[in-house]
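Note sheet for the following structure.
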Amino acid sequence: MKYSLLVLIVVLLSVSTSQNLVAQTNFQASLAKCYGLYNQKEHPEKLINYLHKKSKTIDENELYSLYDSLILKTLKESNFDYSFNLMLEKVKSGCTYVMILEDSIANVLKVRSLEQYRILEEAVNREFINKSLKYYPTINFELAFIIRHLFRLDQRTKLKTFDKKNKPIMDSLRKIAIEQDSITEHALIQIFDEYGYPGISLTGEESSTCFILMLHVSSTFCIKYIHLVQQAIEEKELYADLDFLIDKTLHKCCGKTIYGTLWTKYSPLVTDPVEVENLKALLKIH
């Protein structure tokens with residue numbers, strides 16, 4: 001019995017490894033084809049048409065990876081207009097994640113051409129609205145855009161701390177990031193008090209964005225509202241790793257963890273059942 005189980009595990013692992021290798025090979029072949037079309041130095045329409053065809057046979061993450069690889073290549077060669085066209089096409093293909101307006105690629109565009117950045121921003125917002133109307137008909141756009149904007153500001157301040165090697169500048173940026181966290185928390189208090197957790201029905205994809213913001217606010221906020229996060233997950237209004245947020249909150253407030261996540265590296269794991277229940281009671285969760 002044990003031998004048969006071992007053989008089955010080995011077979012499953014082999015199949016999984018084989019599938020991963022095939023996927024990697026297919027991606028590299030697609031990327032090589034894209035590079036070949038780009039290197040022909042023709043109008044981007046030919047390459048974009050190829051990407052449109054590929055979008056029907058590959059998942060969106062693989063498609064976005066192709067776009068990102070091409071955009072980085074064109075930027076390295078200072079082919080900025082080509083980069084801009086590819087960024088717009090990436091958005092039109094369904095990538096409405098707001099971080100596309102705050103990452104390092106967007107910052108290059110912003111420095112080079114505010115007009116092109118404005119066009120990209122309008123495209124992202126327009127596609128986000130169209131996509132949300134299709135998949136989340138009850139969405140509250142005012143609320144969704146507030147969360148999107150809070151996340152942009154959150155990431156704008158934090159990402160810059162990774163770009164600087166000068167310690168005084170990094171310290172200043174961290175102070176700005178902490179101030180932004182305070183602003184974010186103040187806004188989230190008003191949102192949670194009025195709506196509860198802003199779940200999928202209310203904010204669509206930004207439901208997950210709000211969860212990320214909760215990782216950056218104070219433990220005081222999380223202690224008060226984390227039970228609403230649990231409720232949203234149970235009602236399928238949010239898909240997120242609640243254990244991670246719980247452990248981070250307990251790490252910050254009590255120097256303890258209960259689920260053995262990453263935060264157990266910094267605060268000890270509580271194993272006593274009574275103490276675990278007491279900590280859950282503190283957070284009003286079950």
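The values are calculated or read from the model by the stated rules, or taken from the named source; none is laboratory data. Source: prediction; values computed, not measured. Quick reminder, even Gly has a Cβ in these numbers, built from the backbone with ideal geometry, and neighbours come from all protein chains shown. The accessibility values were calculated without ligands, DNA or RNA, using every heavy atom of the protein model including side chains. Shrake-Rupley method; radii C 1.70, N 1.55, O 1.52, S 1.80 Å.
Cross-link partners of Lys131 among lysines, defined as those whose alpha carbon lies under 18 angstrom from its own and excluding same-chain residues fewer than eight positions apart: Lys56, Lys90, Lys92.
Residues His227, His186 ordered from highest to lowest accessible area at a 1.4 Å probe: His186, His227. Each Cα pair under 8 Å and six or more residues apart adds its sequence gap; the mean of these over the residue count of the chain is a relative contact order of 10 percent. The phi torsions of the stretch 96-112, fed into the Karplus equation with coefficients 6.51, -1.76 and 1.60 and a -60° offset, translate into couplings of 10, 4, 5, 5, 4, 8, 10, 6, 4, 5, 4, 5, 4, 5, 4, 5, 6 Hz, rounded to whole numbers, with Gly and Pro shown as x.
Mean-square fluctuations from a GNM of the chain, with a 10 angstrom spring cutoff on Cα atoms, peak among Val124, Val217, Val108 at Val108. Partners of Lys224 within straight-line reach, counting lysines whose Cα lies under 23 Å from its Cα and excluding those fewer than 8 residues away in the same chain: Lys236, Lys248, Lys252, Lys256, Lys280, Lys284. The phi torsions of the stretch 139-144, fed into the Karplus equation with coefficients 6.51, -1.76 and 1.60 and a -60° offset, translate into couplings of 4, 9, 5, 4, 5, 4 Hz, rounded to whole numbers, with Gly and Pro shown as x. Diffusion coefficient of the stretch 23-141 by Stokes-Einstein, Kirkwood radius over Cα pairs, 37 °C, 0.692 mPa s: 219 µm²/s.
Calculated FRET efficiency, Leu215 to His149, Cβ-Cβ distance, R0 = 25 Å: about 0.90 to the nearest 0.05.
The sum of -39500 (n - 2.57) across all DSSP H runs of n ≥ 4, divided by the residue count of the chain, sets its helix-only mean residue ellipticity at 222 nm to -24500 deg cm²/dmol.
Extension gain, Tyr195 to Asp241: 0.36 nm times the residue separation minus the Cα-Cα distance gives 14.4 nm. Report, to one decimal in Å, the Kirkwood hydrodynamic radius for the chain based on all distinct Cα pairs. Kirkwood radius, the chain: 22.0 Å. Atom-type composition of the exposed protein surface of the chain places 58 percent of the accessible area on carbon and sulfur (1.4 angstrom probe).
Based on protein heavy atoms only, the stretch 118-251 ends up with 51 Å² per residue of surface accessible to a 1.4 Å probe.
Applied to the stretch 208-215, the Karplus parametrisation 6.51 cos²θ - 1.76 cosθ + 1.60 on θ = phi - 60° returns per-residue 3J(HN,Hα) values of 6, 4, 4, 4, 4, 4, 5, 6 Hz, with x for Gly and Pro. Label positions at Asn166 and Ile58, each projected 7 Å from the Cα along the C-beta direction, are separated by 4.0 nm.
Residues Arg118, Arg156, Arg174, sorted by accessible area with the largest first, give Arg174, Arg118, Arg156 [1.4 Å probe; ligands and nucleic acids excluded]. Modelled this way, with points 7 Å down the Cα-to-C-beta line, the labels at Ser208 and Thr138 are 2.1 nm from one another. At the residue level, Met170 shows approximately 40 square angstrom of accessible surface with a 1.4 angstrom probe and all protein chains present.
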